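Here the structure is laid out as structure tokens; the discussion comes afterwards.
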Amino acid sequence: MKKTFVLVVLFVLPLVAYLFFASGVNNFGKLPVLTEKVQDVRSLDASVTLQDKITILGFLGRNAALKKGNAFNLNQKIYKRFYEFKDFQMLMVMPIGTDSVVQEIKKELNNLTDASNWKFIYAEDDEIERFYNSLKTDVPLDADMGTPYVFIIDKDMNLRGRKQDEDEGTKYGFNATSVADLNNKMEDDVKIILAEYRLALKKNNAQRSN
């Protein structure tokens, strides 16, 4: 009996664990597309694009100084974990006239980490509103062209999120004022989309080598 028990522990349990986690990858390895083909930010700034980038997209608004804490939450909980991944970027769409506060934010971010993949672009209010509407979310912009929510945009310019979130149902974005939302949900979803692209890359490389 002891030998049988040892064999089960050494061989059967690891196999069961492998099958469990493998099935989890298959079931949860895709982050749902909620909006297909959002507008590219090239229409706002020709030097920046969403195409072929994994983008965390935000709107700090005209009173960006009041939302500094959101930027720092994102930096500590999301950016620092993922900024070294190829094609990952943080992008904040800002109203024209917010240059000075953005410079302050960038300076403080650079004191915390390498902020080279933090990008800020500027546009008129009507341009920001038109671009934001292309996301087709249930989260409104405020009168200052800002929102505490940030969004995950994939390399094909699709908005990714959750269709069956336990708290919100369809979850378009993540509240940057909530460390719990960033820690417990957004971090997991960014991991999923990065793993999705890594898996696709491995498959492509394997097919080329055959």
task: Output the residues belonging to region 149-169 that are of a type in the set (D, E, K, R), assigned to a strand (DSSP E or B) and surrounded by 12 or more Cβ atoms within 10 Å (Cβ to Cβ).
output: R160, R162, D165
message: All but one of (1) in contact (Cβ under 8 Å) with a residue 40 or more places away in the chain; (2) open to solvent by 20 Å² or more (accessible area, probe 1.4 Å) hold for K106; state the number of the condition that does not hold.
response: (1)
- prompt: What is the residue count in region 55-67 for residues that are touching a residue at least 24 places away in the same chain (Cβ under 8 Å) and open to solvent by 40 Å² or more (accessible area, probe 1.4 Å)?
  reply: 3
statement: In region 128-148, anything surrounded by 12 or more Cβ atoms within 10 Å (Cβ to Cβ) and without any contact (Cβ under 8 Å) to a residue 24 or more places away in the chain is listed as E129, N133
- line: Taking region 68-85 and the residues there that are assigned to a loop (DSSP other than H, G, I, E, B) and free of Cβ contacts under 8 Å to residues at least 40 places away in the same chain, the one that is surrounded by the fewest Cβ atoms within 10 Å (Cβ to Cβ) would be E84
Residues that are among the aliphatic types (A, V, I, L, M) and part of a loop (DSSP other than H, G, I, E, B), drawn from region 107-145: A115, L135, V139, L141, A143, M145
statement: Result of the Cβ filter at 9 Å on region 151-168, keeping first residues that are free of Cβ contacts under 8 Å to residues at least 12 places away in the same chain and partners that are in a strand (DSSP E or B) and open to solvent by 30 Å² or more (accessible area, probe 1.4 Å), at least 6 apart or interchain, is Q164/T170; E168/R162
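Restricting attention to region 90-106, which residues are of a type in the set (A, V, I, L, M) and either in a helix (DSSP H, G or I) or out of contact with any strand residue (DSSP E or B) (no Cβ under 9 Å at 6 or more places or on another chain) (or both)?
V101, V102, I105
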task: Return a yes/no flag: does region 86-97 have any residue that is over 19 Å from S43 (Cα atoms) and crowded, with 17+ Cβ neighbours inside 10 Å.
output: yes
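The values are calculated or read from the model by the stated rules, or taken from the named source; none is laboratory data. Since the model is a prediction, treat every value here as computed from it, not as a measurement. Cβ sites come from the backbone with ideal geometry, for glycine too, and all protein chains shown count toward neighbours. These area figures cover heavy atoms from the full protein model, side chains too; ligands, DNA and RNA do not enter into them. Shrake-Rupley method; radii C 1.70, N 1.55, O 1.52, S 1.80 Å.
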